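The values are calculated or read from the model by the stated rules, or taken from the named source; none is laboratory data. Please read all numbers here as calculations on a predicted model, not as lab measurements. Positions of Cβ are backbone-derived with ideal geometry, glycine not excepted, and every protein chain shown enters the neighbour counts.
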Amino acid sequence: MGCDGGTIPKRHELVKGPKKVEKVDKSAEMAARWKYCALSQEKLKRPIVSCELGKLYNKDAVIEYLLDKSAERPNSEAVTHIRGIKDIKELNLTDNPEWEGERRNTKGDIYEDIHCGMFICPVVGLEMNGKHRFCYLQTCGCVFSDRALKEVKTEICHKCGDPFKYEDLVVLNGTKEEMDKLREKMEEKRAKAKAKMTQAQHKQGKALWRMERVQAAMEMWLDQAPPKAAAAAAAAPSSAPSRECRTNPRSSSPSSPLTARPSAPKTRRPTGSRIRHTTFNMNKSLLVLH
């Protein structure tokens, strides 16, 4: 079709040039990071949690991911560092009184400000919309703006009053450099926890090994003690008649069914020297095992 009746095509219609790269509105992208879950891409709703890298998630979405990690999800690479429920922290957020939620643009004839945040800083009142730097505490989960932490320098939480250290601060939706630092900090913390757990398991295993050695030595000593006692009992004289034979006259006849068997000789109670000798032998066996 075309090119008939004297139409003259232009150059850009015949020659295809390079496609123009679509530019993404950075402000809109930043605002979306503060309003949508990083895993499910749904709107953030309470309870809201954050990881050690400062990303925001819906708690339900993270729990579903932990229950079934094999399911295909569009942004599953954003939560590969989350191993369990202990790797996330529920945030204690302060609602923005100017945020109207879903009611603000039901008809579509009202201007919607994308920079209006759902939450604010409880100290200075800044909106959490991406224009200002926000942090949260790993100890209690309270969220504050960086300006509030700089203006009011303290080691006590402004909202709940719990003590904290500046090492417990995690930047929310930080830059690439800040996320790289948080990742290094996370890996270092996990390596220390793993080394500590390995050391505790080693100590526990060593104590268990010693207990098994002591138990084996005790069993060896108990196995060697009864034959000696039996040999001593066999060497003792047994010619004296039993008490039942002396008191019962019918037991004198050898053919009587009531003839009582001679009682076993009583083993003599060990004296102090024997106890010391036995204790010495047991300690000697323990030293040989070690």
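Please work out if LYS196 is loosely packed, with under 10 Cβ neighbours inside 10 Å, of a type in the set (D, E, K, R) and either within 19 Å of ILE82 (Cβ to Cβ) or without any contact (Cβ under 8 Å) to a residue 40 or more places away in the chain (or both). Write out each step before concluding.
On the way: loosely packed, with under 10 Cβ neighbours inside 10 Å: no; of a type in the set (D, E, K, R): yes; either within 19 Å of ILE82 (Cβ to Cβ) or without any contact (Cβ under 8 Å) to a residue 40 or more places away in the chain (or both): yes.
No: the conditions fail for LYS196.
Just to verify a result, which residue in the range 8-63, among those that are surrounded by fewer than 11 Cβ atoms within 10 Å (Cβ to Cβ) and hydrophobic (A, V, I, L, M, F, W, C), is nearest to LEU169 (Cα to Cα)? Steps first, answer last, please.
Taking the range 8-63 and keeping what is surrounded by fewer than 11 Cβ atoms within 10 Å (Cβ to Cβ), we get 8-26, 29.
With hydrophobic (A, V, I, L, M, F, W, C) added as a condition, the list becomes 8, 14-15, 21, 24.
On the way: ILE8: 66, LEU14: 58, VAL15: 56, VAL21: 38, VAL24: 30 Å.
By that ranking, first place goes to VAL24.
Inspect the range 21-43 for any residue being out of contact with any Ser or Thr (no Cβ under 8 Å at 6 or more places or on another chain), hydrophobic (A, V, I, L, M, F, W, C) and farther than 25 Å from CYS121 by Cα and give the result as yes or no. Walk me through it before giving the result.
Step one: filter the range 21-43 for residues out of contact with any Ser or Thr (no Cβ under 8 Å at 6 or more places or on another chain), giving 21-38, 40-43.
Imposing the further condition that a residue be hydrophobic (A, V, I, L, M, F, W, C) reduces the set to 21, 24, 28, 30-32, 34, 37-38.
Filter once more, so that each one left must be farther than 25 Å from CYS121 by Cα: 21, 24.
There is at least one residue in the range 21-43 that is out of contact with any Ser or Thr (no Cβ under 8 Å at 6 or more places or on another chain), hydrophobic (A, V, I, L, M, F, W, C) and farther than 25 Å from CYS121 by Cα.
Say whether the condition of being free of Cβ contacts under 8 Å to residues at least 12 places away in the same chain and more than 16 Å from the chain's Cα centre (by Cα) is met by at least one residue in the range 75-91.
Step one: list which residues in the range 75-91 are free of Cβ contacts under 8 Å to residues at least 12 places away in the same chain, which gives 77, 80, 83, 86.
Now narrow it down to the ones that are more than 16 Å from the chain's Cα centre (by Cα): 77.
Yes, the range 75-91 has at least one match.
Out of CYS116, CYS140, I need the residue that is at pLDDT below 90, out of contact with any helix residue (DSSP H, G or I) (no Cβ under 6 Å at 6 or more places or on another chain), part of a loop (DSSP other than H, G, I, E, B) and surrounded by 13 or more Cβ atoms within 10 Å (Cβ to Cβ). Which one? Write out each step before concluding.
Details: CYS140 fails: at pLDDT below 90.
Testing whether each residue is at pLDDT below 90, out of contact with any helix residue (DSSP H, G or I) (no Cβ under 6 Å at 6 or more places or on another chain), part of a loop (DSSP other than H, G, I, E, B) and surrounded by 13 or more Cβ atoms within 10 Å (Cβ to Cβ) leaves just CYS116.
Can you tell me which residues in the range 41-70 are over 26 Å from LYS185 (Cα atoms) and touching a strand residue (DSSP E or B) at 6+ places or on another chain (Cβ under 7 Å)? Full working, then the answer.
First pass over the range 41-70, keeping only residues over 26 Å from LYS185 (Cα atoms): 41-46, 60, 64, 67-68, 70.
GLU42, LYS43, LEU44, LYS45, listed by residue number.
May I ask you to list the residues in the range 147-157 that are of a type outside the set (Lys, Arg) and surrounded by 15 or more Cβ atoms within 10 Å (Cβ to Cβ)? Reasoning before the result, please.
Of all residues in the range 147-157, those of a type outside the set (Lys, Arg) come to 148-149, 151-152, 154-157.
Residues satisfying the conditions are ALA148, LEU149, CYS157.
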